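Structure first, then comments.
The values are calculated or read from the model by the stated rules, or taken from the named source; none is laboratory data. Keep in mind the model is a prediction, meaning the values are calculated, not measured. Backbone-built Cβ (ideal geometry, glycine too); neighbour counts: all protein chains shown. Ligands, DNA and RNA are stripped out before the accessible areas are found, and what is left, the full protein with its side chains, is counted by its heavy atoms. Shrake-Rupley method; radii C 1.70, N 1.55, O 1.52, S 1.80 Å.
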Amino acid sequence: MSTVLFRGNDRNSFNHVALEEACRKDSIQAWAIVTAGFFLVFILYGTYYSFGVFVKPMSMSLGWSRATTTGVVSVYMILHGIFSIITGRLTDRYGPRFIVTISALLVALGYGLSFRINAPWHLYTYFGLLVGIGMGAAFVVPVSTVTKWFTYNRGLALGIVAAGVGGGQVILPPLMRYMITEFGWRVSFAIMGIMVCVVGIPAALFLRNPSRNMGYLPNGKAHGARINSAGMTKPRDDWSLTEAIKTSSFHLLLCIFIALIFGIVIVTTHLVAHVEDIGIDPLRAAYVLTLIGGSGILGRIIIGRACDKIGSKSMLASCMIVQALLLFSLIRAENLWAFYVIAALFGLTYGGAVPAIIMRSSEFFGISSSGTIFGALICGSTAGAAIGAPFAGYIYDVTGGYSIAFLIGGIVLTVGSVLSFIVKPPKKPYLK
C-alpha cells in the first residue's frame, strides 16, 4: 500500500483521512486474516482440549495415577507460557507466517510421537515438551496479528478468532472419544497429528502482518504518532514490554489472567473424568467439553462485540464471577443435565473473558508491541496457573473426588473478578 500517512515536513503530523481510507481498503484482507486465525486456533486448541478424553483410558491402560497423567499439563503450560512471549516478540519483529508454521509442525510431531508412549517421560517429552513449545504460538500470534489489522471492530474480530477454541472443543473431543473407542488412544493421538498438518499448516501460511497504516486508531480514537529507530510509525501512547511490566496495571492484569486460567484448566482437564466417575457413559460425558466449546463460540463473539459497545472492564469481571459460581455448583451437581447446564454457562463466560482480557491489554498498552506484551501475560499466567491440573488430580488421588478442587477454583476466580474491577489503565510518566 502506497498511501502516505504524513503531510508536509512534520513527520509527526498524522494523516487520519489517509489512515481511514487505508483501513477501508484493507478490510477484506483483514477479515481473511480473521478466517485463517479462526481455523488455526480451531485445530490447535481443539486437539489440545481433547487431552481430557485421553486421561482415563491412558491412565488405565498404563497403570498411572491421575496426578501422573495430568501432571504433564504443568510442563505443557510452563513451556507454552515461555514460548508465548518468545513467539510474540518474534512475530512483532518478523511477522507471523514462519513462526506459527514451525509451531504447528512441532504440535503435529508431538501428537504423532505420542503413539509410542509407554513411560511417563514419553508423555512429558512428546506432549509436554513438543506440543507445549508449539502451542506457544497457537493463540498469541493469531490474536496479536488480528489486533494489528483492526480499528473499529477489534472486539468482534478477536471474538471470532478466539471462537476457534470453542469450535475445536465442539467437534474434536467427542470425535476423539469415538476414535479412542474404535481404534484406541494411541492411534487417536496419531490422527490428531495428521489433522494439525492438514488444517493448521495451510492456515498458518496465510497469516501476515498488515501494512504500517493499519491499527493506529484503537477503539476508534485517533492519536499522534512517532518514529521508532526502524523508521516506522508508532502511536505516541503505545508501550514497550519493558515499560509495561513496570506498571501495577500489568501486574494486576497478570493476576487476573492467572485466576482465569487456573479455573479453566481444572474444568477442561478434569470435568469429563469427574462426570464419568459419577457413573455417566463416557461418550455422553465427553459432550460436556462439547457444550463448553459450543457455548464458548457464542460467548467469544457476543461478549467480544459487547466489549466494543459496553467496555471490556465490566464484561471481564462479570464473566469471571459467573465462572466462580459455576465451579461452586459443581460440588453439588449429580446428574447429566446439571453438568450440561453448568458446562454451557461456563463455556459462555469463559469464552467471553478471552476477548475481554485481550482488549484490556491492547487498551492499556497499545498495539505496536501487542504480541510481546500479550505473550508476556500468557507466560506469567500459564506458569502461575500450571498447578491447576495436577493440583486437582492430587486432590482426587487423596480424597477420591474433586469437591475441594472445585471450591478452591471458585475462590480463585472470585478474587480475579474483584481485581478486574480494581485495575486501572497505566499512565506514562513521559512521552518521547
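For residues that are of a type in the set (A, V, I, L, M, F, W, C) and closer than 13 Å to Ser103 by Cα, scanning just the range 132-159, find the one that is most open to solvent (accessible area, probe 1.4 Å).
The initial filter retains those residues of the range 132-159 that are of a type in the set (A, V, I, L, M, F, W, C), namely 133, 135, 137-141, 143, 146, 149-150, 156-158.
This time we only want the ones that are closer than 13 Å to Ser103 by Cα, so: 133, 135, 137-141.
Values: Ile133: 38, Met135: 0, Ala137: 1, Ala138: 0, Phe139: 22, Val140: 1, Val141: 0 Å².
For the range 132-159, the residue satisfying everything is Ile133.
When you look at Tyr45, is it within 16 Å of the chain's Cα centre (by Cα) and among the aromatic types (Phe, Trp, Tyr), yes or no? Give the steps one after another, and end with the answer.
Working: within 16 Å of the chain's Cα centre (by Cα): yes; among the aromatic types (Phe, Trp, Tyr): yes.
For Tyr45, the condition - within 16 Å of the chain's Cα centre (by Cα) and among the aromatic types (Phe, Trp, Tyr) - is met.
Looking at Phe346, Phe339, Phe374, which is the one that is among the aromatic types (Phe, Trp, Tyr), surrounded by 20 or more Cβ atoms within 10 Å (Cβ to Cβ), assigned to a helix (DSSP H, G or I) and out of contact with any Leu (no Cβ under 9 Å at 6 or more places or on another chain)? Spell out how you get there, then give the answer.
Numbers: Phe346 fails: out of contact with any Leu (no Cβ under 9 Å at 6 or more places or on another chain); Phe339 fails: out of contact with any Leu (no Cβ under 9 Å at 6 or more places or on another chain).
Within the list Phe346, Phe339, Phe374, the selection yields Phe374.
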Looking at this structure, is Leu156 at pLDDT below 85, assigned to a helix (DSSP H, G or I) and in contact with a helix residue (DSSP H, G or I) (Cβ under 8 Å, 6 or more places away or on another chain)? yes
Counting only residues that are open to solvent by 20 Å² or more (accessible area, probe 1.4 Å) and either under 28 Å from Ser361 (Cα atoms) or of a type in the set (Val, Ile, Thr) (or both), how many does the range 276-289 have? 2
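Look through the range 36-60, keep the residues that are touching a residue at least 12 places away in the same chain (Cβ under 8 Å) and either farther than 19 Å from Ile191 by Cβ or touching a Phe, Trp or Tyr at 6+ places or on another chain (Cβ under 7 Å) (or both), and return whichever of them is most open to solvent (accessible area, probe 1.4 Å).
Taking the range 36-60 and keeping what is touching a residue at least 12 places away in the same chain (Cβ under 8 Å), we get 36-58.
Subset that is either farther than 19 Å from Ile191 by Cβ or touching a Phe, Trp or Tyr at 6+ places or on another chain (Cβ under 7 Å) (or both): 36-38, 41, 47, 54, 57-58.
Numbers: Ala36: 11, Gly37: 1, Phe38: 50, Val41: 0, Thr47: 1, Phe54: 0, Pro57: 28, Met58: 0 Å².
Per the stated criteria, the residue is Phe38.
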Would you confirm whether any residue within the range 357-369 is part of a helix (DSSP H, G or I), under 21 Å from Leu253 (Cα atoms) and polar (S, T, N, Q)? yes
Evaluate the following for Gly409: is it among the small types (Gly, Ala, Ser), modelled with pLDDT under 85 and open to solvent by less than 40 Å² (accessible area, probe 1.4 Å)? no
Name every residue in the range 70-105 that is surrounded by fewer than 19 Cβ atoms within 10 Å (Cβ to Cβ), under 17 Å from the mean Cα position of the chain (by Cα) and more than 26 Å from Val267 (Cα to Cα), in order of residue number. Ile86
Looking only at the range 178-189, count how many residues are at negative phi and open to solvent by less than 30 Å² (accessible area, probe 1.4 Å). 4
The conditions are (1) open to solvent by less than 10 Å² (accessible area, probe 1.4 Å); (2) modelled with pLDDT of 70 or more, and Trp64 fails exactly one of them. Which is it? (1)
Checking Leu129 against (1) modelled with pLDDT of 90 or more; (2) open to solvent by less than 10 Å² (accessible area, probe 1.4 Å); (3) of a type outside the set (Gly, Ala, Ser): exactly one of these is not met. Which one? (2)
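Could you tell me whether any residue of the range 302-318 is closer than 22 Å to Phe406 by Cα and among the acidic types (Asp, Glu)?
Step one: of the range 302-318, the residues closer than 22 Å to Phe406 by Cα are 316-318.
From what's left, among the acidic types (Asp, Glu): none.
No: zero hits.
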Keeping to the range 290-314, report how many residues are outside any helix (DSSP H, G or I) and either open to solvent by less than 50 Å² (accessible area, probe 1.4 Å) or touching a His at 6+ places or on another chain (Cβ under 7 Å) (or both). 1
Ala317: at pLDDT 85 or above, more than 28 Å from Gly132 (Cβ to Cβ), aliphatic (A, V, I, L, M) and crowded, with 18+ Cβ neighbours inside 10 Å, yes or no? yes
Scanning the range 106-153 residue by residue, those under 15 Å from the mean Cα position of the chain (by Cα) and part of a loop (DSSP other than H, G, I, E, B) turn out to be Ala138, Phe139
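Residues checked against (1) under 17 Å from Ala356 (Cα atoms); (2) part of a helix (DSSP H, G or I); (3) over 16 Å from the mean Cα position of the chain (by Cα):
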{"site": "Leu260", "(1), (2), (3)": "yes, yes, no"}
{"site": "Val265", "(1), (2), (3)": "no, yes, no"}
{"site": "His270", "(1), (2), (3)": "no, yes, yes"}
{"site": "His274", "(1), (2), (3)": "no, yes, yes"}
Among residues of the range 380-396 being buried (at least 24 other Cβ atoms within 10 Å of the Cβ) and modelled with pLDDT of 75 or more, the residue farthest from Val354 (Cα to Cα) is Gly393
Restricting attention to the range 364-377, which residues are modelled with pLDDT of 80 or more and either over 13 Å from Ala244 (Cα atoms) or of a type in the set (A, V, I, L, M) (or both)? Ile373, Ala376, Leu377
